[in-house]
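First up is the structure itself, then whatever we jot down about it.
Read-outs: derived from the displayed coordinates by stated rules, not from any lab. What you see is a predicted model, and the numbers here were worked out from it, not measured in a lab. FYI the Cβ positions are ideal-geometry reconstructions off the backbone, even for glycines, and counts take in every protein chain you see.
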Amino acid sequence: MNSSSLFFPAGRMIPASSSLRRAATAALRLSSFGLLCTSLSAAVLLQHQGSHDPTTEGWTRLAGDPGMVGAAYTDGTTPVWQIHDGTSTTATRTLVYQSNLSSEATPFLTGWRMSVSVRIEGNNASLGANTQALFYADHDAAGTYSATTRTFYNLHFGTNSSGNMRVQLFQTGGNLVYNLTDSLFHEFTLEWKPGDTGVSFYIDGELQTDAYQGFTANGTQAPYLNFGDGNAGATTAKQNWALVKFEQIPEPGSVALFGSLAAPGLYWLTRRRRRSCGGAIPVDLG
Ligand SMILES: [Ca+2]
């Protein structure tokens, strides 16, 4: 597909100043942080949601073998797009849904957020690209552009022997691993804003680290996003993807419209929101 269609027209990325001002006023009057979760939503650049076929949402199916399965499925009561090895018996058991970004300079300079809700059905002890959500960027975690290196912001999902979810942040110098205490759906979020020197990682809105650096390697390929099975090995586990969302966070200049007194309040509320939109769950840094 034409990658330019991944982006809304520039005029729609940031609300008109009058409506933005009204939204900001309303937001600052709210006493419920729950309402703020939606009132301050960022511009969604790309999204997979529920049981929709990702190829109808702007993603391209890239399968290493025709036997690989991506199909609509209901996990309990949650509609998902399920990915698994299916009848594939070759040594190329990969299936990812990918979307190229002609340039992610704008979202990177103004801020970005990638949110994923996924559950693994069955056990997958191999914590790696078997189940991954990836942002392949041309900027490092300090926001510095490079023409010759690329930074992978890559969430790897797996389970322990009991089926409890695990998530790994692929990183140069040592991966970060978080062990969850159940096998339920959770929302995993990476977020970067101007001035940050690392990417923040949240589980269900709870900050886990603000220093994720990603994995940097030589490369010149255009930036892209993908999710699915990026490892050629076999696994009996199935991946149930309820949500993959990539957003541009409103640029700092738009906050200035709120006025010098309102802006610090909104910043505080925004920071607070990341800690208030989901229930806390126990995690261990493994
Ligand atoms: Ca595989």
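For the stretch 137-251, the Kirkwood estimate of hydrodynamic radius, built from reciprocal distances between every pair of different alpha carbons, is 15.5 Å. Once the Cβ-Cβ distance of T144 and T181 is raised to the sixth power relative to R0 = 35 Å, the FRET efficiency obtained is 0.40.
Each of H52, H186 has some number of other Cβ atoms within 10 Å of its Cβ, and from fewest to most they run H52, H186.
All distinct Cα pairs of the stretch 132-196 go into the 1/r average, and the inverse of that average, the Kirkwood radius, is 13.4 Å.
A simple spin-label model places pseudo-atoms 7 Å from Cα toward Cβ; at L207 and T56 they are separated by 4.0 nm.
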